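A.B. asks: Mind looking over this structure? Questions follow.
The values are calculated or read from the model by the stated rules, or taken from the named source; none is laboratory data. Because the structure is predicted, anything quoted here is derived from the model rather than measured. Glycine gets a Cβ as well: all are built from the backbone with ideal geometry, and neighbour counts include every protein chain shown. Side chains included, ligands, DNA and RNA excluded: accessible areas come from the protein's heavy atoms. Shrake-Rupley method; radii C 1.70, N 1.55, O 1.52, S 1.80 Å.
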Amino acid sequence: STSLKGKNIEIVVKDNGTGIPDDIKEKIMQPFFTTKPTGQGTGLGLSLSYDIVVKAHNGKIDVKSKDGEGSEFKISIPV
C-alpha cells in the first residue's frame, strides 16, 4: 500500500511467508549478507535499497517480522 503520512510518503509491503528469524533480522540490510547457498545470491538487494532510501533520500525502512508469520517492510520517504 502507499499513503501520505504528514510530510512523508509511506510504502508498505507485506507477505505471508515464513518470516525472518530473529537471529538474522539485524543483518539483513548489511552488504553481501545472504541466506542463500554460495553462488546463489549476492546479498545486495536490501543493502542497495537501504542506501537509496536512507542515505540518498533521508528516509527510513522499518521491518516487522515474526518467524512463521510473514514480514512487513515499511518505507518512509520525505516529500
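A.B. asks: Enumerate the calculated ³J(HN,Hα) couplings along the stretch 19-31 in order (Karplus 6.51 cos²θ - 1.76 cosθ + 1.60, θ = phi - 60°), each rounded to whole Hz, writing x wherever the residue is Gly or Pro.
C.D. replies: So the Karplus estimates, Gly and Pro as x, are x, 10, x, 4, 5, 10, 3, 6, 9, 5, 8, 6, x Hz.
A.B. asks: List the chymotrypsin sites (Phe, Trp or Tyr not before Pro) in the chain that DSSP assigns to loop (not H, G, I, E or B) and whose Cβ has at most 12 other Cβ atoms within 10 Å. Which are they?
C.D. replies: Here the chymotrypsin sites (Phe, Trp or Tyr not before Pro) that fit, given the DSSP loop and packing criteria, are PHE32.
A.B. asks: Once Rh is set to the Kirkwood radius over Cα pairs, what Stokes-Einstein translational diffusion coefficient, in µm²/s, holds for the stretch 34-79 at a temperature of 10 °C and a viscosity of 1.306 mPa s?
C.D. replies: Answer, rounded: 130 µm²/s.
A.B. asks: Given a cut-off of under 8 Å on Cα pairs at least six residues apart, what relative contact order in percent is computed for the stretch 16-79?
C.D. replies: Across the stretch 16-79, relative contact order equals 38 percent.
A.B. asks: Follow-up question, since we're still on this one. Roll a 1.4 Å probe over the protein chains and send me the accessible area per residue for the chain in Å².
C.D. replies: 73 Å²
A.B. asks: For ILE9, which sequence-distant residues (separation of 5 or more, or a different chain) have an amide H within less than 5 Å of its own amide H, given hydrogens modelled in the peptide plane?
C.D. replies: Hits under the 5 Å cutoff: ILE77, VAL79.
A.B. asks: Show LEU44, LEU4 ordered by accessible area, largest first, where the area counts protein heavy atoms only and the probe is 1.4 Å.
C.D. replies: Most to least solvent-accessible, the answer reads LEU4, LEU44.
A.B. asks: Oh, and also: Tell me the Rg and the Dmax, in Å, that the Cα atoms of the chain produce.
C.D. replies: Rg and Dmax of the chain, Cα atoms, are 13.5, 43 Å.
A.B. asks: Next up: Which one of GLY59, GLY45, GLY70 has its Cα pushed farthest toward the positive end of the charge dipole of the stretch 1-72, where Lys and Arg give +1 and Asp and Glu give -1 at the Cβ?
C.D. replies: GLY59
A.B. asks: Take the solvent-accessible surface of the protein heavy atoms, probe 1.4 Å, and return the percent of it on the chain that carbon and sulfur atoms account for.
C.D. replies: Ligands and nucleic acids excluded, carbon and sulfur reach 54 percent.
A.B. asks: Helix-only estimate, please: 222 nm mean residue ellipticity of the chain, summing -39500 (n - 2.57) across DSSP H runs of length 4 or more and dividing by its residues, to the nearest 500.
C.D. replies: It comes out at -2500 deg cm²/dmol, rounded to the nearest 500.
A.B. asks: Moving on to the next point. Considering only protein heavy atoms, what is the solvent-accessible area of VAL54 at a probe of 1.4 Å, reported in Å² to the nearest 10?
C.D. replies: For VAL54, the solvent-accessible surface is approximately 40 Å².
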